[in-house]
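To keep things clear, I will list the structure first and then write my remarks on it.
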Amino acid sequence: MSKTFGNLSQRREAVEQQRGNFKLSQTTADSVPQEIFRSWQRSAHTVAQNPQQAPVDDALIVEHLWQQSPLSMGAKLEQSNMIQLTKEADLVVGIADPCGRLLWTHASNYMQQRAENLNFIAGGHWNETVVGTNAVGLSLKLKQPVTVFSSEHYLPFVQDWVCYAAPIIHPQSGECVGILDMSTTWKKHTPLGQSAIAQIANSIAQNLPCIESHAELEVHALGQPKVIYQGKVIKIPQRELEILCLLALNPEGLTLEQLHTALYNDDHVSTATLKTHVSHLRHFVGGKIGSRPYRLTMPYWADFISIWESLHQQNANDAMLMYRGEFLARSQSPEIEQWRHCIDAMMTRVVDTCQSPEALTNKLQESTSGSHTVRDRLLELLPNLTFTKNKKSIL
């Protein structure tokens, strides 16, 4: 037995022993990285069963998702290199969306059947909440390159693998748009794997299509909130984000009393506190908030306003393309809650009239849970697509 194989065997045994200790007491691990141990702890609360493979979505649906994804364009120049690398190093390579769902894979002859047995194929779901500790899910969680070796995987069915993954970060927005993963059997582990995958992920990111700016200020509040000011993503607290959305919804401006009512209603919050929040928000957007009344004094665009305009014009296809989730789901502002209810009620209606398969698949791509209504409508438009009933799917 070679020295390399012997060292890997010892490492595997040490991790397996630590996993046994974890099951007994969940005490701090000494033989595994802290990010792996913390992932085990999260997985213990989210993964209740012991499946033999990852859940998978229908291949034809996923093919549409891949064609719609900017990842497809970004990966074009690297695909031939990745395919050659899989042959030379006995690997399987996969590109996952921001939900951890694999959109494209390619395997060497050595890994082909192994990957299919685990559903490490297009459509397979590898989010940490679904299959526990794994490289795709962990890299998605940490937004950094990771290696998950052998029994560091939470579930037994993937513990004969070693997996390297890295996030694909859009150079403009700084947003994680996907995950690149390369995997093989644990005996073929190389310490160079993680750095190699990070370099390829960065190359894919550099080839992603550019994001066109809508305005000096962009407010994305459907689904995962994001604010872009002068081309850069800025992070602002929840309360300031709510105020920003209320000002966007009221271009003519709001008095202090009107803003207080829209934000707090009958809650006993002083106007002095509200003024402080407005002052903080003004700092984030370069002072471009007027007073008496409070109003935005720059060109701005907001997804919740654009989607409402599309809904009002009965443009179901455009609305489907824009919808990413609830409007500020965590907000308890009475005015925002009313807008959220109206948008969601209208979106429920337009699904049945949507004529665009592209819009429907785009909506499926944005969520790990998906919508049975959306899926059923997509099947009506694409009658040749079928869902395999004997395979677990979280669509």
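Rule-based calculations on the coordinates, nothing more; no lab input. Please read all numbers here as calculations on a predicted model, not as lab measurements. Ideal geometry is used to build each Cβ from the backbone, glycine not excepted, and the neighbour counts take in all protein chains shown.
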May I ask for the percentage of alpha-carbon pairs in region 25-138 that lie more than 24 Å from each other? 33 percent
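Where Lys and Arg each count +1 and Asp and Glu each count -1, what net charge lies around SER213 among other residues with Cβ under 15 Å from its Cβ?
Numbers: positive: LYS226, LYS232; negative: GLU175, GLU212, GLU216, GLU218, ASP303.
With Lys, Arg at +1 and Asp, Glu at -1, the net is -3.
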I need the fraction of alpha carbon pairs in region 112-213 separated by more than 16 Å, rounded to a whole percent. 56 percent
How large is the dipole of region 3-206 about the Cα centre if only Lys and Arg carry +1 and Asp and Glu carry -1, each at its Cβ, rounded to the nearest 20 debye? 440 debye
Convex hull per residue volume in Å³, alpha carbons only, for region 217-350: 103 Å³
Can you pull the one-decimal nm distance between simple spin-label points at LYS187 and GLU63, each 7 Å off the Cα toward Cβ? 3.6 nm
For LYS76, counting only aspartates and glutamates whose alpha-carbon sits under 19 Å away and dropping same-chain residues fewer than eight positions off, the answer is GLU63, ASP97, ASP181
Could you work out the percent of alpha carbon pairs in region 3-206 separated by over 24 Å, rounded to a whole number? 36 percent
Rank these for me by crowding, TRP301, TRP40, going from fewest to most other beta carbons within 10 Å. TRP301, TRP40
